[in-house]
Amino acid sequence: MEERPLFRERLSRVLRAVSLDHVDRTPVVLEYAGFAAKVTGTRLADFLSSTGRAMETMMRAFHLLGGADAMNYGAYSPYSLCDLWMSKVKVPGVDLPDDAMWQVEEKELMTAADYDQILSQGWPEFHDDFMRERVFNDVPPERLPSAQPPLDLRAEWAAHDVPVLSGGDVSLPFELLCGARSLPQFFDDLLAIPDKVQEVMDVIMPHLVGPVCHKAKASGLPAVWVGGWRSAGSMISRKMWERFVWPYFERGVREVTDSGLIALLHLDSDWTRDLGYFKSLPRGKCILATDGMTDLLKAKEILGEHMCLMGDVPASRLAFGTPEDVLEYSAKLIRELGPTGFILQSGCDIPTNAKLENVRAMIAAAVEK
C-alpha cells in the first residue's frame, strides 16, 4: 500500500524524536483501549469481542480526537495481558457484566515445584503447557488470541494516515514469574530460593525477544514494547534489582535494538532511582515511556541527550481534570522536556473514564500554535 504524505509526515516526526533529531513540533502518540469504547458509545463486551472489532472502534475514537501523530498499539485483546503476566483475566461479557472493566486475577497459578519443572522440561514446553492448562483452560475457544483472524495493523491504520508503533510485546522473566506465582509468593521466592529463581530466569530469557522481533519486522512496525511494572526500583532493593531485573532488561532491550527496531520501554511504577543505568542502552534507539510515577524531569536531566522520553499526562487529570488544566500541564511538559527527544502521551493508557475534551486538550497543547 502506498503511504500518503500525511502518514509519512507523522511517522517521520515520531522517528526524529526517537533519534533525538530536530522536530517541527512535539509529536503526540495515543495509547488507549477502553477509552475508545466509551467515547464511541460501544459496550466494553462488544469492543472486546474480537481484535478486529477493537481495532475498528479504536480508529473511530482516533478520528473523534483528531490531530495526533501515531498510535502506540493498533488493536487490543484483554487476553494479551495473560501473556504478559501469565495470569488469568476476567473479561466483560464472559466473566463480568458487559460494561465492567476487565481485571487481571492475582492468583498463584504456578507452584514452587514448577521451578524444577522448568529446569527439566525447558521453557517453551513448560510455557505452552502452562498457558493451555492453567491460564486459557476456561476461556471460550473463539476468544483465544490464536483464534483471532490476523490483522495487518500497519496497512489498516495507514489507510487512515496513522502510523502504529508497537509490533509486539516483551515481558521479561521477573514479570512473568511474578504474575504466575503472584506477587507475595514470588517475592518470598526471591528471598528463600534466589539461586533457583536466577537459574530459571536464565533458562527463560533466550526465548523471549527473538520471536517478537521477528513478528514486528514482518509486520513492518517500527518498535517492540519492553515492559516493566513490578520490577521497578520502588518495589525492590537495588541489590536485588541489579541481580534479578537489570541484566535481563538490558539484554532484552539490546536484542530489540540490534534487530533494527525501536525499544519502547513501557515502565509503570517508579523507576527514578535507577535512571542512570539506562545510559548504557543504545543512544537514540529507545523510548522511555512512563506512567506518571517516574520523575520525568529527573529523566530529562540524566537521559535528555541519550534517550527519547514519552509521557506523561496522568490518568487522574484526563479523567477528573478540566481541559484548561490538561492543556496547561501538557504545555509544561513540552516546555520542560522538549523540544527534542520528547513525545507527548498519556501516562500509560488513557483511562476508560477520560473526558473527550481533556484528551483533545492534551493533543492541542502540541498541535495548536
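The values are calculated or read from the model by the stated rules, or taken from the named source; none is laboratory data. Owing to the predicted nature of the structure, the values given are computational and were not obtained by experimental measurement. Here the Cβ is made from the backbone with ideal geometry for all residues, glycine too, and neighbour counts use every protein chain on show.
A compact table of results
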item	result
Residues within segment 84-113 that are free of Cβ contacts under 8 Å to residues at least 12 places away in the same chain and either of a type in the set (A, V, I, L, M, F, W, C) or part of a strand (DSSP E or B) (or both), tallied	2
Sole residue being more than 30 Å from Leu337 (Cα to Cα) and either among the aliphatic types (A, V, I, L, M) or in a loop (DSSP other than H, G, I, E, B) (or both), chosen from Ala68, Ala45, Ala36	Ala45
From Arg134, Arg154, residue being closer than 15 Å to Leu177 by Cβ and surrounded by 13 or more Cβ atoms within 10 Å (Cβ to Cβ)	Arg134
Candidate set from segment 264-319 (those that are assigned to a helix (DSSP H, G or I) and in contact with a His (Cβ under 8 Å, 6 or more places away or on another chain)); member that is nearest to Ile236 (Cα to Cα)	Phe278
Among (1) modelled with pLDDT of 95 or more; (2) of a type in the set (Gly, Ala, Ser); (3) in contact with a strand residue (DSSP E or B) (Cβ under 9 Å, 6 or more places away or on another chain); (4) assigned to a loop (DSSP other than H, G, I, E, B), the one test that Gly260 misses	(3)
Test: residue in segment 302-311 that is of a type in the set (Asp, Glu) and under 16 Å from Arg16 (Cβ atoms)	yes
Residues located in segment 338-358, provided they are crowded, with 23+ Cβ neighbours inside 10 Å and touching a strand residue (DSSP E or B) at 6+ places or on another chain (Cβ under 6 Å)	Gly341, Phe342, Ile343, Leu344, Gln345, Ser346, Gly347, Ile350
Unmet criterion (only one of (1) buried (at least 18 other Cβ atoms within 10 Å of the Cβ); (2) closer than 23 Å to Ser120 by Cβ; (3) among the polar types (S, T, N, Q)) for Gln198	(1)
Residues of segment 267-283 that turn out to be crowded, with 18+ Cβ neighbours inside 10 Å and touching a residue at least 60 places away in the same chain (Cβ under 8 Å), as a count	1
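Here is a yes/no grid of residues against (1) in contact (Cβ under 8 Å) with a residue 40 or more places away in the chain; (2) in contact with a helix residue (DSSP H, G or I) (Cβ under 8 Å, 6 or more places away or on another chain); (3) in a helix (DSSP H, G or I); (4) among the hydrophobic types (A, V, I, L, M, F, W, C):
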residue: Ile118; (1), (2), (3), (4): yes, yes, yes, yes
residue: Glu125; (1), (2), (3), (4): no, no, yes, no
residue: Asp128; (1), (2), (3), (4): no, no, yes, no
residue: Glu133; (1), (2), (3), (4): no, no, yes, no
residue: Glu142; (1), (2), (3), (4): no, no, yes, no
residue: Val162; (1), (2), (3), (4): yes, yes, no, yes
residue: Gly167; (1), (2), (3), (4): yes, yes, no, no
residue: Val170; (1), (2), (3), (4): yes, yes, no, yes
